[in-house]
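This report concerns only the one structure given below.
The values are calculated or read from the model by the stated rules, or taken from the named source; none is laboratory data. Treat the numbers as computed from the prediction; the structure is a model and nothing was measured. Note: ideal-geometry Cβ built from the backbone for every residue, glycine included; neighbour counts use all protein chains shown. Each accessible area value is taken on the protein alone, full model and side chains, heavy atoms only, with ligands, DNA and RNA left out. Shrake-Rupley method; radii C 1.70, N 1.55, O 1.52, S 1.80 Å.
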Amino acid sequence: MTEGSDDAKDIEKLYEYGERLNEVKDKSQHAEDYENIIKAAKSSSVKARQLAAQLIPRFFKYFPGLSVNAVDAHLDLCEAEELGIRVQAIRGLPLFCKDTPEHLSKIVDILAQLLTAEENVERDAVHKALLSLLRQDVKASLTALFKHIESVDEQITDENLRERTLLFIRDKVFPLKSELLKPSEQMERHITDLIKKSLQDVTGAEFKMFMDFLKSLGMFGEKAPPERIQELIEIIESQADLDAQFNRGASNSKFFNYLNKHIFPVFDKLPEERKVDLLKNLAESSPYTSPQDSRQVLPAVVLLLKKTMPRRKAGEEMNFTYVECLLYTFHHLAHKAPNATNSLCGYKIVTGQPSDRLGEDFSDQYKDFSERLNCVEDLARATMKKLTQGMVEHNKALAAAASDEAKASIKIQKQNTTTGLRTCNNILDMTQPLHSKTPSFIGDKRIDLSWKEAVKPSATSTAAAVGKRPGAQNGAGNNPSKKGRGGGCTQTQPSNRAFDGLPYGGRNVGGRGRGRGRRGRGRGRGFR
């Protein structure tokens, strides 16, 4: 009876403190009342502590000298054994920032740590509190949240906390992007930069989640300028474990998966230089593709090939380097999954599998593909005639050149013309086997890609470098590493710029590993 009476007295006093602070104008004169409210956080009475959880944040802004004690007491309430006290304390956390926004980042950090709560009602309170602070200051709140995702300066994040934070961002923040990300241009850039930092160490599912979100932003939308699309592609490429898998001669599923899902859909928006870079990487990687990857990527490759190969000569231009890359890729992918070309190109290849689709009529596809092949061959032969005549003119000019500078310039033109002739020859060698309804696909290395012959290697280096990508034969000592990602970037010989009008950088982004430990964050006490 006495214990219940004491609890009632404690609660009555708390109400008295709260009413007095609520009524007086100069609240600073009643610091003792606020101190008594803070002390009530350690009361043995559950109801008294619940009431303290309401009153501490309500009058927090009036007593800056007691801020550390107030927050420490409130955090104790957030960790109370009683669920009701914890939920009440969590609901009060945003009030610490309502009139004192300088504390917002710290409170968001505390709330993020509480995302690991197991009780649904408690976790729901954390979600609502965080959303309240996001609406108050989205930039500061997002920055504080993403600190629990990033792996910076070799710090180790608590994995459970990191995953809960990711879930909150995915389920609660991303769906509200149109409401929260204002002004849109500034905040879309801010969250993009935060995501790019976080991508230093992510799983495949996390990467897909972030990429799907980025592609939904206005800055990367349909009207995005080329530099924005380029930024998106570089983000994708930075995750492709291309060099590590290529050098082992293994199937590069990750690379082709990224191409199929993220690069091919925006290919038309890419800068011209990047298009050639990607197509050459694609061609060089295609001999090492698994049958499963080949089947998945072939539809996109055939679609690009049809866009690149004109159907009629009149009034249409053709980029010969594009066609060489895509035909080479097509042959190697189709060699691994031949019956996939039945529905794509109208071929009749029997493997005995349901995917042969021999009972369906794909004659229109065959007619279209054949007409494009014929057009490509006509254009290639006409171009070879011009290039051959140009070579005669180059030889005459070289013989007549008086200065070393003039001779050097003519030699470059001759080299470009030679590369152009190789490109046309390669195209003709690859189109001719495709005219049959049951064609043979080139699955070996009998075709030497034109740009790889720009500089003839010695006999010794040729034997050592067969089948390797540019840079793979150079040895690790000549390939500077990119921190945390495996191999760095290498340069191949330039392509025929006079012929295709495009420079080639041959950038190959290396791999990276994941691997995490655990870091105990400990709750952030006070605002020191």
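Which members of the range 185-230 meet the condition of being basic (Lys, Arg) and closer than 21 Å to LYS275 by Cα?
Residues satisfying the conditions are LYS215, LYS223, ARG228.
Once the range 189-201 is narrowed to residues that are at pLDDT below 95 and either more than 15 Å from the chain's Cα centre (by Cα) or not in a helix (DSSP H, G or I) (or both), the residue that is surrounded by the fewest Cβ atoms within 10 Å (Cβ to Cβ) is GLN200. Number of residues in the range 23-38 that are at pLDDT 90 or above, open to solvent by 40 Å² or more (accessible area, probe 1.4 Å) and under 12 Å from PHE60 (Cα atoms) equals 1.
With a requirement of 1 or more residues that are closer than 16 Å to SER43 by Cα, the helices (runs of 4 or more DSSP H) lying completely within the range 55-113 that satisfy it span 67-78, 83-92.
Return yes when LEU14 is open to solvent by less than 20 Å² (accessible area, probe 1.4 Å) and within 14 Å of LEU95 (Cβ to Cβ) and no when it is not. Against the criterion (open to solvent by less than 20 Å² (accessible area, probe 1.4 Å) and within 14 Å of LEU95 (Cβ to Cβ)), LEU14 does not qualify.
With respect to (1) among the hydrophobic types (A, V, I, L, M, F, W, C); (2) buried (at least 22 other Cβ atoms within 10 Å of the Cβ); (3) touching a Leu at 6+ places or on another chain (Cβ under 8 Å), the lone exception for LEU114 is condition (3). Restricting attention to the range 268-319 and to residues that are assigned to a helix (DSSP H, G or I) and basic (Lys, Arg), the residue that is most open to solvent (accessible area, probe 1.4 Å) turns out to be LYS307. Any chance the range 387-399 includes a residue that's part of a helix (DSSP H, G or I) and within 23 Å of HIS331 (Cα to Cα)? No. Against the list (1) modelled with pLDDT of 75 or more; (2) assigned to a loop (DSSP other than H, G, I, E, B); (3) of a type in the set (A, V, I, L, M), the condition VAL455 fails is (1). Of the set (1) part of a helix (DSSP H, G or I); (2) more than 24 Å from LEU111 (Cα to Cα); (3) in contact with a helix residue (DSSP H, G or I) (Cβ under 9 Å, 6 or more places away or on another chain); (4) open to solvent by 10 Å² or more (accessible area, probe 1.4 Å), all apply to SER44 but (1).
Mind checking whether some residue in the range 435-446 is touching a residue at least 40 places away in the same chain (Cβ under 8 Å) and more than 27 Å from ASN339 (Cα to Cα)? No; the residues of the range 435-446 include none that is touching a residue at least 40 places away in the same chain (Cβ under 8 Å) and more than 27 Å from ASN339 (Cα to Cα).
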